[in-house]
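Throughout, read-outs are computed from the coordinates displayed, never taken from laboratory work. Please read all numbers here as calculations on a predicted model, not as lab measurements. Quick reminder, even Gly has a Cβ in these numbers, built from the backbone with ideal geometry, and neighbours come from all protein chains shown.
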Amino acid sequence: MCQYSAVEGVPNDWHMVHLGSRAVGGAALLIAEATAVSPEGRISPGDLGLWNDEQMHAFQNINAFISKQGAIPGVQLGHAGRKGSTSAPWNGGKLLNPAEGGWEVEAPSAVPFSDDFAMPHALTVQEMGLLVQKFTDATIRAAKAGFKVVEIHMAHGYLMHEFLSPLANHRTDEYGGNLQGRMKYPLRIAKAVRDAFPEEYPVFVRISATDWKEGGWDLEQSIQFCKELKDMGIDLIDCSSGGQDPNARIPLGPGYQVPFATVIRKETGIATGAVGLISSAHQAEHILINEQADSIILGRELLRDPYWPIHAAKKLGMDIQWPDQYLRAK
């Protein structure tokens, strides 16, 4: 699956976003999602990975093609934590036991996501150190593979979000307890990735701005976390939400997560991406013009309509470049 971020809007000349000294520029950014830094970090056996050089070489031709078309290749690096070892979503997303190709899952604490998920192994401090190296190695491979943007997945109840949220992090050592303790390991990972990726290219972080659950991670804590991320050189916060509690009540609606991007942008000064039930060109344009966010990030809408950027450009009266083989339809 790919997540498409129309940084500066959908067409090449729509809006402009400069991310400090590192700029994505006026091109569409294509992010390969759910790319694991280790086999244990996969959500399902079908996930992409960057834990070995064979995977890196496989991405090189793909990224060369993306770049040749005037777009920018990006990759989302992550670790599924206690939500791993499941079948693919189209196969039910159910827990896989070892006989079915499953594996032992890892988490900050031995607390399962739900009764339908595995009891995770609580990571030791030594194992956490090894995982920092795996994120570093995957980042180096990402650069060698031709990716120009890395996004660290710290949302949706996966490992980094698990460290942040009191709902999943019950540790009593330096990596648990208060906000500073719970942020410590995700910030360590973010610094390792930022240090390993070429300075001229941006690093994004995807967060869940709230768990939508009392006593969990919330917007106030997200603001403090994003201030720390900005100080270490992270360029953009991809503002999603939820995923930590299966019983959370989420008020779904068009653009329902945009206010998170707006508040974090205002309170921290970091660039933000708006995501979640953004489906129309004019809706996306409105968010950018009114400075509610600095970029529009699309996922499922691109699955429904792979030509959304072309259709959006037409609706907004923009003339953009089409693929050569499609020009006869323009």
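The relative contact order of the chain, computed from alpha carbon pairs under 8 Å that lie at least 6 residues apart in sequence, is 17 percent.
On a C-alpha basis, how far is the centre of the range 168-186 from the centre of the range 97-140 in Å? Whole number, if you could? After rounding, the separation between the Cα centres reads 16 Å. Ordering Y256, Y307, Y201 from the fewest to the most neighbouring beta carbons within 10 Å gives Y307, Y256, Y201. Once divided by 2.2 N^0.38 Å, the Cα radius of gyration of the range 181-330 becomes 1.18. Its DSSP H runs of at least 4 residues, each contributing -39,500 (n - 2.57), put the calculated 222 nm mean residue ellipticity of the chain at -10000 deg cm²/dmol, to the nearest 500. Farthest toward the positive end of the dipole of the range 2-329, out of A190, G157, I250, is the Cα of I250, where the dipole comes from beta carbon charges about the Cα centre.
Averaging Cα coordinates gives a centre for the range 284-315 and one for the range 256-273; these two points are 17 Å apart.
What fraction, in whole percent, of alpha-carbon pairs in the range 76-206 exceed 20 Å separation? Here the tail beyond 20 Å accounts for 47 percent of pairs. The angle between the Cα long axis of helix 219-231 and the longest principal axis of the Cα atoms of the chain comes to about 70 degrees, rounded to the nearest 10. The residues packed around G157, meaning those with a beta-carbon under 13 Å from its beta-carbon, carry a net charge of +1 if Lys and Arg are +1 and Asp and Glu are -1. Simple point charges give the picture: +1 on the Cβ of Lys and Arg, -1 on the Cβ of Asp and Glu, and for the chain a dipole about the Cα centre of about 480 debye.
Fully extending the segment from T172 to E267 would add 31.2 nm, taking 0.36 nm per residue of separation and subtracting the current Cα-Cα distance.
Rounded to the nearest 20 debye, the dipole magnitude of the range 198-330 is 640 debye, with +1 charges on Lys and Arg beta carbons, -1 on Asp and Glu beta carbons, and the Cα centre as origin. I need the fraction of alpha carbon pairs in the range 212-261 separated by more than 14 Å, rounded to a whole percent. Beyond 14 Å sits 58 percent of the P(r) for the range 212-261.
Ordering I152, I250, I43 from the fewest to the most neighbouring beta carbons within 10 Å gives I250, I43, I152.
Residues T172, T272, arranged from fewest to most other Cβ atoms within 10 angstrom of their Cβ, appear as T172, T272.
Pairs of Lys residues in the range 2-329, spaced 8 or more positions apart or belonging to different chains, with C-alpha separations under 13 angstrom: 4 in total.
Comparing P309, P98, P45 in a Gaussian network model of the chain, where Cα atoms under 10 Å apart are tied by springs, the biggest mean-square fluctuation is seen for P98. Counting only Cα atoms, the size of the chain along its three principal axes is 59, 42, 38 Å, in decreasing order. Here the Kirkwood formula, the inverse mean of 1/r across different C-alpha pairs, assigns the range 263-308 a hydrodynamic radius of 11.2 Å. Taking amide H as placed 1.01 Å from N in the peptide plane, W217 has its amide H under 5 Å from the amide H of L167, D211, each at least 5 places away in sequence or on another chain.
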